[in-house]
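Undergrad: Provided herewith is a single structure, encoded as structure tokens, for subsequent inquiry.
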Amino acid sequence: MKAVYDTNVYVSGLFWDGPPRELLRKAANCSVRLFISESILKEISKVLGESFDASEDAINHAITTFARISTLVYPRESLNVVRDRKDNHILECALESNSDYIVTGDKDLLVVKEYRGIRIISPKEFLEVLNK
């Protein structure tokens, strides 16, 4: 099963117990083929630094870990699908990697529900899919 996690899944998984943390564990254990792009890594870095005041070392450790459990892709297609335009890079990564799912807590992405065969679901829903 191939997936792209939105930034909020990575950040939530770092700081709190719950479905996002379990999904990071599943990716680390190769239960999910996780894909990521440079723009997602940059967004994670920005959120950790600006919203959580994380140190540069902590940010670098997180980015290294996320890159290790993921496959880096370089999206070639630029999209303008999501209401919040800054979320389009998540769709672009999923398309480039031919992912089955986008996992997010972002309402702007969740309302899309499906794009070119890629299902867009919450972390809780994705855990249910994986545990079937």
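Rule-based calculations on the coordinates, nothing more; no lab input. Just so we're clear, the structure is a prediction, and the values are computed from it rather than from any experiment. Virtual Cβ from ideal backbone geometry, glycine too; neighbours counted across all protein chains shown.
Undergrad: In deg cm²/dmol and to the nearest 500, what is the mean residue ellipticity at 222 nm of the chain if only DSSP H runs of at least 4 residues count, each as -39500 (n - 2.57), divided by the residue total?
TA: Helix-only estimate at 222 nm: -15500 deg cm²/dmol.
Undergrad: Right, here's the next one. Run the quick spin-label model on Asp53 and Cys30: label points 7 Å from Cα toward the beta carbon, then report their separation in nm to one decimal.
TA: Distance between the two pseudo-spin positions: 4.1 nm.
Undergrad: How do Cys30, Cys93 line up, fewest other C-beta atoms within 10 Å first?
TA: Taking fewest neighbouring Cβ atoms as first place, the list is Cys30, Cys93.
Undergrad: Right, something else. Tell me, what ³J(HN,Hα) does each residue in segment 18-29 have, in order and in whole Hz, if you take phi through Karplus 6.51 cos²θ - 1.76 cosθ + 1.60 with θ = phi - 60° and put x for Gly and Pro?
TA: x, x, x, 5, 4, 5, 5, 4, 5, 5, 5, 8
Undergrad: Sticking with this structure for a sec: Round to the nearest 0.05 the FRET efficiency obtained for Arg83 and Phe15 when R0 = 25 Å and r is the Cβ-Cβ distance.
TA: 0.40
Undergrad: Can you give me the Kirkwood hydrodynamic radius for the chain, using every pair of distinct Cα atoms, in Å to one decimal?
TA: Evaluated on the chain, it is 14.6 Å.
Undergrad: Give me the extension gain from Lys113 to Ala67: residue separation times 0.36 nm, minus the current Cα-Cα distance, reported in nm with one decimal.
TA: Residue separation times 0.36 nm, minus the Cα-Cα distance, leaves 13.9 nm.
Undergrad: Looking at the chain, how many pairs of lysines come closer than 20 Å at the Cα, when each pair is eight or more places apart or spans two chains?
TA: Count of close lysine pairs: 13.
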